[in-house]
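One structure is given here, and the rest of the page talks about it.
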Amino acid sequence: KNIVQMIPKVIFVLSLYRSAYAFCPPNVMGSNIQRLKLGTPSTPLCYRRTRPRIGMSDGTRLVPSLNNSLVEVGCDNAKKDFLVYEHMLGVISNHAASSGKLGSITLVGAGPGDPDLLTLGALKAIHAADLVIADRLVSKEILALIKSELKIAQKYPGCAHDAQNEIYRWCAEGLVEGKKIVRLKIGDPFVFGRGGEEVLELRKFGVEAKVIPGISSALAGPLAAGIPVTHRGVANRVVFCTGMGKEESIPDIPAYHPEQTCVFLMAVGRLKALTDDLTKGGYPSTTPVGIIERATTPHERTIRGTIEDIVILASEEKIRPPSVIVVGEAVNVLSKQEKHHQTIIPFRRSAMSLESLSKACEPSGE
Ligand SMILES: C[S@@+](CC[C@H](N)C(=O)[O-])C[C@H]1O[C@@H](n2cnc3c(N)ncnc32)[C@H](O)[C@@H]1O
C-alpha cells in the first residue's frame with residue numbers, strides 16, 4: 001500500500017528533472033552529456049553538458065549551474081570562468097572515473113629573457129617536459145631550447161583573461177593525456193605572474209603544481225642597467241609594485257621615503273599617470289627615474305631621467321613594454337653619465353656556451 005502511495009510522488013520528482021532537462025535547448029545540453037554529482041552531497045544527480053563553449057561569441061545560453069539552477073552563460077568574464085571551470089572539472093573527472101592517471105605540472109620561472117639567466121632546475125624541467133605552455137613574453141632564445149610540444153598563450157592587454165582560461169584548458173587536456181607539463185612563465189612565477197592563482201586553480205582539480213623560481217625582471221632589469229636597488233646610504237628598502245591591478249584597477253603608489261627604491265612592472269603604458277601620481281604623493285620632481293626596456297635581451301635599452309622629464313624622454317625614445325621602471329636615488333648611484341639618455345650594452349653571456357650547458361642538463365635517459 002505504501003509503495004502505491006509513493007508512485008505519484010516519484011512521478012512528480014521525475015517530471016521535475018525531465019522538465020529541467022527539456023528546458024535546456026539541445027545546442028546547450030548537446031549530445032555529449034554526463035552524470036555528475038553537483039553541489040552539496042545532498043544535491044541530487046543532474047545532467048549537464050561536458051563540452052563548454054569557450055570564447056563563444058554567439059550570445060547568451062542557459063546551462064545548469066553547480067547548484068543545479070540554470071544560469072545564463074554569455075560572453076563576460078565571470079561566465080567564461082564558469083565554463084572553463086566546468087570544462088576542466090568535466091575533463092578531469094571523466095578521466096578519473098575511468099581510473100586514468102593524470103600527468104604532472106610544474107610552474108617554471110624563465111627569468112627576464114637571457115637564457116643564461118634560466119636556473120638549472122628550469123632547464124632540466126624544460127628538457128624533461130612533454131608539453132611546454134609558455135607566456136607570450138618568454139624570449140625566443142629561451143623558446144628555442146624547447147624540444148617538446150609548445151603552446152604559447154597570446155596574452156595581450158584586454159584579452160589576458162581569455163588567454164588565461166585557454167591556458168587552464170590546455171593544462172587540463174595535457175594532464176588527462178598523462179603529460180609532464182611545464183608552465184613556463186616570464187621572470188619569477190610568483191612575482192606579478194599569476195603563479196599563485198594558477199596553483200590555486202589547479203588545486204580545485206586535485207592537482208598540486210610544483211613551482212621552480214625564476215629571476216624576476218624586477219631585480220634583473222635594474223641590475224642589467226647598472227642600478228643597485230639597495231645601496232648603503234642611498235637606498236635601504238625596495239618596493240615592488242605593479243602599475244596595473246586586477247581587472248585593470250590602478251594600485252596606490254607607496255608612500256615617499258628618500259631612501260627607498262620603487263620598481264614598477266606593467267606600468268610603462270601609463271607612465272604619465274604614474275608620474276602624476278608620484279608627484280601628488282609627495283615625491284620630489286627631481287627624483288631619478290630609470291626605465292629598462294626588454295632587459296637582458298639583445299634589444300635592451302635604458303633611459304634615465306627624473307619624475308619631471310621621464311615622460312618626454314620615454315616618448316622621444318619610443319619606449320615600449322615590457323619595461324621596468326625604477327624610481328629613487330639608487331638609479332644614478334653607479335651612473336657616471338651626465339646625459340639623461342643611456343643605452344646599455346646587452347647583458348653579456350656567461351663563459352659557458354649555452355649549447356654545452358643545455359647538453360649538461362639533458363636527462364641521461366635512465
Ligand atoms: C606579467 S608581469 C610578469 C613579471 C614576471 N613574473 C617577473 O618576475 O619578471 C610582466 C611585466 O614584467 C616586466 N618584464 C618582464 N620581462 C621583462 C624584461 N625582459 N625587461 C623589462 N621588463 C620586463 C614588464 O614590466 C612586464 O610588463
Completion exercise
Counting sequence-distant residues (5 or more places) and residues on other chains, those with an amide H built under 5 Å from that of residue 105 are 181, 210
Exercise for the section: Could you calculate the FRET efficiency of residue 259 with residue 197 from 1/(1 + (r/R0)^6), where r is the beta carbon distance between them and R0 is 35 Å, rounded to 0.05? Expected result: 0.60
Handout entry: Cα-Cα over 32 Å, subset of 140/318; 101/151; 9/204
Key = 9/204
Exercise for the section: Pull up the DSSP beta bridges for segment 104-215 and report the antiparallel fraction as a percent, rounded to 5. Expected result: 5 percent
Fill in the blank from the handout: By Cβ neighbour count within 10 Å, fewest first, 183, 203, 301, 232 rank 232, 203, 301, 183
Problem - At R0 = 41 Å, FRET efficiency that the Cβ-Cβ distance of residue 177 and residue 299 yields, to 0.05 - result: 0.70
Completion exercise
Computed from the beta carbon distance with a Förster radius of 56 Å, FRET efficiency for residue 276 and residue 9 to the nearest 0.05 stands at 0.25
Handout entry: Spin-label model distance (nm) - residue 119 vs residue 320, 7 Å beyond Cα toward Cβ
Key = 3.2 nm
Handout entry: Theoretical gain in end-to-end length, residue 152 to residue 140 [0.36 nm per residue, Cα-Cα removed]
Key = 3.2 nm
Fill in the blank from the handout: Long-range amide H partners of residue 297, meaning residues 5 or more apart or on another chain whose placed amide H is closer than 5 Å, are 347
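Give me 296, 306, 279 sorted ascending by neighbouring Cβ count inside 10 Å, so fewest comes first.
279, 306, 296
Bear in mind that the values in this text are calculations on the coordinates, not laboratory data. Note that the coordinates shown come from a computational prediction; the quantities given were computed from them, not determined experimentally. Positions of Cβ are backbone-derived with ideal geometry, glycine not excepted, and every protein chain shown enters the neighbour counts.
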